[in-house]
Amino acid sequence: AAAAEAEVRLLLQEARESIEAARSYRRELQQRLRGLHQAREQIKDSATSTRDVLEQHFSDLKGTLKKLLDERLTSLLQEVDVIEQESIKPLDECQKLIEHGVSTADDLLREGESAVDGDVGQQNEKLCNFTKKALHIQLDSLPEVPSLVDVPCLSAQLDDCLLTILKNQIFRHGTVASRPPVQLEEFVEKPGGILVRWCKVDEDFSAQDYRLQFRKSPGSPFEDVYVGSEPEFLVLHMDPHVDYQFRVCARGDGRQEWSPWSVAQTGRTTLVPHEWTAGLEGYSLSSRRNIALRNDSQSCGVLYSKAPTYFCGQTLTFRQTVGQPDRRDSLGVCAEQRNGDESLQRDQAVCVSTNGAVFVNGKEMTNQLPAVTSGSTVTFDMEVVQFGPCSNEGGNFKLRVTISSNNREVVFDWVLDQCCGSLYFGCSFSYPGWKVLVF
């Protein structure tokens, strides 16, 4: 009986596992069905959109071609009118001259016939007057009438090769692509932004430039956010926990037109943006508080972040415009805010000075980085390498730190007195003119 009961329990267990496996299998199949449905809808929607684009484009071409042909016809007809008028004008003048001569000859004939047939007593005087008048008219002078070969004979020369050229160009105009040559590949969350990466899916396509667009809501239009040759771009000033739609296209080498857009994908960041603390005398901030400018105030001190928003595993980047350097200047990360310090070159902080010196807990390292230059970036990357009990006894929390600047980097271990889930960042400059963007 015990063996039978055990066998029943085993069978029940196997049955429950089979039921759970069947449920999981059904969920997977339903998920795949949803994927198939989305794929089918994408094909149908993109086909409908492509038809609309083609029909609109060729409708516009027809209208433009008709307008151009009508303009050319009007221009040629005007040329015909001008040539006709300019060619007939001298003929009209010649005709008037001949008609006047014919009228004069008619009058002379009538006068001569009257003189010949008139009264004998008056005949001598009439004949004398007629003879004098005939001599003045110059009956041997005739106007020149151009021959037919010397006057214009209008015709139209219409080269049929235009139709051949248009036919060849039209038959090659436009293409239909089954998929765009580039697609979005990855979205990496950044504080207040998203690093968007894309890749080519058509190896035969040689890309010269890329064009990235995004929009905040499905009903709003897409906006350009990047045009350039790099296959990635960090989009900043984004609201956390808000979906953004992205799409990318490319321009082939030596081409002017852009390729079809990639499939639009949604990205979001859950990380709040890095911000400097407002209100510290000596520093002016941008409206988004991610840019700090060292002003002309004589006051000096460390400008800290508004909150400990830097976490291990992230990359913290400073981009600066340079002013007059000083050995006390610093850019770096610290475990806590501490008022009264003039620099981050102190304990519980790691930083790099503007001349490239690296400080760990207030001690200068032998390894150095290049001096900070205008427009250059300084990046901090950290990962936990030792995590002990959170206490103030020291030596239980160790971070592996990588600081990079101008294609050089230093790597070291930073030992903290207590575990830190998040860190502050800060900067200090002795002289005005320095401007730092943090992201």
Problem - Efficiency of FRET from Cβ geometry, S299 and N361, R₀ 25 Å, rounded to 0.05 - result: 0.45
Handout entry: Heavy atoms of I19: accessible area, 1.4 Å probe, square angstrom to 10
Key = 90 Å²
Exercise for the section: Find the relative contact order for the chain and round it to a whole percent, using C-alpha pairs within less than 8 Å whose residues are 6+ positions apart. Expected result: 11 percent
Handout entry: Sites excluded, GluC sites (Glu not before Pro) in DSSP loops with at most 16 other C-beta within 10 Å, longest stretch of the chain
Key = 1-143
Exercise for the section: Please get the size of the charge dipole for region 182-269, origin at its Cα centre, with Cβ charges of +1 on Lys and Arg and -1 on Asp and Glu, quoted in debye to the nearest 20. Expected result: 280 debye
Exercise for the section: With everything on Cα atoms, drop me the angle between helix 161-172 and the longest principal axis of the chain, reported from 0 to 90° to the nearest 10. Expected result: 20 degrees
Fill in the blank from the handout: Sorting C199, W258, P218 by the position of each Cα along the dipole of region 182-269 (Lys, Arg +1; Asp, Glu -1; all at Cβ), the one nearest the positive end of that ordering is P218
Practice task
List the relative contact order of region 303-416 as a percent without decimals, with contacts defined as Cα pairs under 8 Å and 6+ residues apart.
Solution key: 22 percent
Practice task
Over all alpha-carbon pairs in the chain, figure out the percentage whose distance exceeds 33 Å.
Solution key: 66 percent
Exercise for the section: Set the Förster radius R0 to 22 Å, insert the Cβ-Cβ distance between A278 and R338 as r into 1/(1 + (r/R0)^6), and round the FRET efficiency to 0.05. Expected result: 0.75
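Carbon and sulfur: what percent of the chain's accessible surface (1.4 Å probe)? Show your work: numbers first, answer last.
On the way: 14950 of 28550 Å².
Carbon and sulfur atoms account for 52 percent of the accessible area of the chain.
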Handout entry: Estimated inter-spin distance, A22 and A1, nm [label 7 Å along Cα→Cβ]
Key = 3.2 nm
Exercise for the section: Would you mind checking the tilt of helix 2-117 against the longest principal axis of the Cα atoms of the chain, expressed as 0 to 90 degrees and rounded to 10? Expected result: 20 degrees
Exercise for the section: State in Å² the accessible area per residue of the chain; use a 1.4 Å probe, count heavy atoms of protein chains only, and round to the nearest integer. Expected result: 65 Å²
Completion exercise
With +1 at each Lys and Arg Cβ and -1 at each Asp and Glu Cβ, the charge dipole magnitude of region 49-145 around its Cα centre, to the nearest 20 debye, comes out at 320 debye
Problem - Pairs from K66/K216; K66/K200; K190/K398; K190/K435 whose Cα-Cα separation, in the structure shown, is over 32 Å - result: K66/K216; K66/K200
Practice task
Would you check the accessible area of F359, probe 1.4 Å, heavy atoms only, in square angstrom rounded to 10?
Solution key: 20 Å²
Exercise for the section: Estimate the FRET efficiency between C161 and R72 by the formula 1/(1 + (r/R0)^6), using the beta-carbon distance for r and 22 Å for R0, to the nearest 0.05. Expected result: 0.90
Problem - Label-point gap, in nm, between E232 and L148 - each point 7 angstrom along Cα→Cβ - result: 8.4 nm
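The values are calculated or read from the model by the stated rules, or taken from the named source; none is laboratory data. Only a predicted model underlies this, so the values are computations on that prediction, with no experimental measurement involved. Every residue, glycine as well, gets a Cβ built from its backbone with ideal geometry; the counts of neighbours run over all protein chains shown. For the accessible areas, the whole protein counts, side chains as well, though only heavy atoms, and no ligand, DNA or RNA atoms are used. Shrake-Rupley method; radii C 1.70, N 1.55, O 1.52, S 1.80 Å.
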